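For reference, the structure is listed below as structure tokens.
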Amino acid sequence: MLNISIYHKIKNINKTKINYIINIVIMLTIYNISNDYLNIVIEQNIDNPGIFNFLFYILNNYFINAHLTPICILILAYKINKDLKFETYYMYRFNNKVNWFYENIKIIGVKVGLFLINMIVITLIIAIINIIFNPLWSEMIGIKTKYIEFFKDYNYIYILTLKIILKFLYLFTLSVIFISTSSLIKMYDVGILITLIINFINISLFLNPPEILRRFLFLNNVLMSDGTFIIKYYISAIYWILILVFIIDITSKLIKEIDY
């Protein structure tokens, strides 16, 4: 009965004011980027650009990956955790802290998935409204980027699926970091601050990285920037999974020792 109550919370989150505000911010940002994209299309005299080219362009955009979506998903994770306070009390009272932590992880995972689906839908709608697209994928690929070559060798659905998986794992990892730190220090505000600092450090290093650190940075494992070695992106997926397993395992062990 308790689980049903918790999952009911996530449905309510989708109807809250903060969720609507985030959707509006995402919509305005993507619309603005679509104008820049349209200018590139016009400058390069590209005929009939494909709708899925634009979707990849948005999903792989630096600003959206480094700043917009991490902040949005952390705000939603913060809101969900604050709303779960009542259920949290009962979880701890019945000495079930680890199950409560796992439940939180599952809820955030669902929310990240819904967030990504929502973002993709918004992107496709804006693409249709703001730019004349063909409904599939055009030969115009990798404009103003380095990711041209692997689109010539791989199906666009395959590339987009891989891109969406990496983005999901990235946002899910940030959310899990927030949940873990908040659970261990028992302060949501500090937890979200620590997560933002970790992400900021990764962004700073990504912009001017020591070569030895580059492959271990968050953005390097979510942005697709080189089509020469497609195996790199499978390695990135493993990278995210290992981080998630490590954080969840360590937190589940430490949380047993904390007195709530």
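The values are calculated or read from the model by the stated rules, or taken from the named source; none is laboratory data. Given the structure is predicted, the values throughout are model-derived calculations rather than measurements. Positions of Cβ are backbone-derived with ideal geometry, glycine not excepted, and every protein chain shown enters the neighbour counts.
Tell me which of these L217 doesn't satisfy, since it passes every other one: (1) modelled with pLDDT of 90 or more; (2) over 17 Å from I64 (Cα atoms); (3) not charged (D, E, K, R).
(2)
Out of V121, V98, V110, report the one residue that is more than 25 Å from N221 (Cβ to Cβ), modelled with pLDDT of 85 or more and in a helix (DSSP H, G or I).
V121
Just checking: which of the helices (runs of 4 or more DSSP H) contained wholly in the range 188-260 hold 2 or more residues that are in contact with a Ser or Thr (Cβ under 8 Å, 6 or more places away or on another chain) and either closer than 17 Å to N104 by Cβ or in contact (Cβ under 8 Å) with a residue 12 or more places away in the chain (or both)?
In the range 188-260, 188-207, 231-255 are the helices (runs of 4 or more DSSP H) which contain 2 or more residues that are in contact with a Ser or Thr (Cβ under 8 Å, 6 or more places away or on another chain) and either closer than 17 Å to N104 by Cβ or in contact (Cβ under 8 Å) with a residue 12 or more places away in the chain (or both).
Is at least one residue of the range 157-174 closer than 13 Å to L55 by Cβ, surrounded by fewer than 21 Cβ atoms within 10 Å (Cβ to Cβ) and at pLDDT below 85?
yes
Of a type in the set (A, V, I, L, M), over 15 Å from the mean Cα position of the chain (by Cα) and either within 26 Å of C72 (Cβ to Cβ) or modelled with pLDDT under 85 (or both): does that describe I235?
Spelling it out, it is not the case that I235 is of a type in the set (A, V, I, L, M), over 15 Å from the mean Cα position of the chain (by Cα) and either within 26 Å of C72 (Cβ to Cβ) or modelled with pLDDT under 85 (or both).
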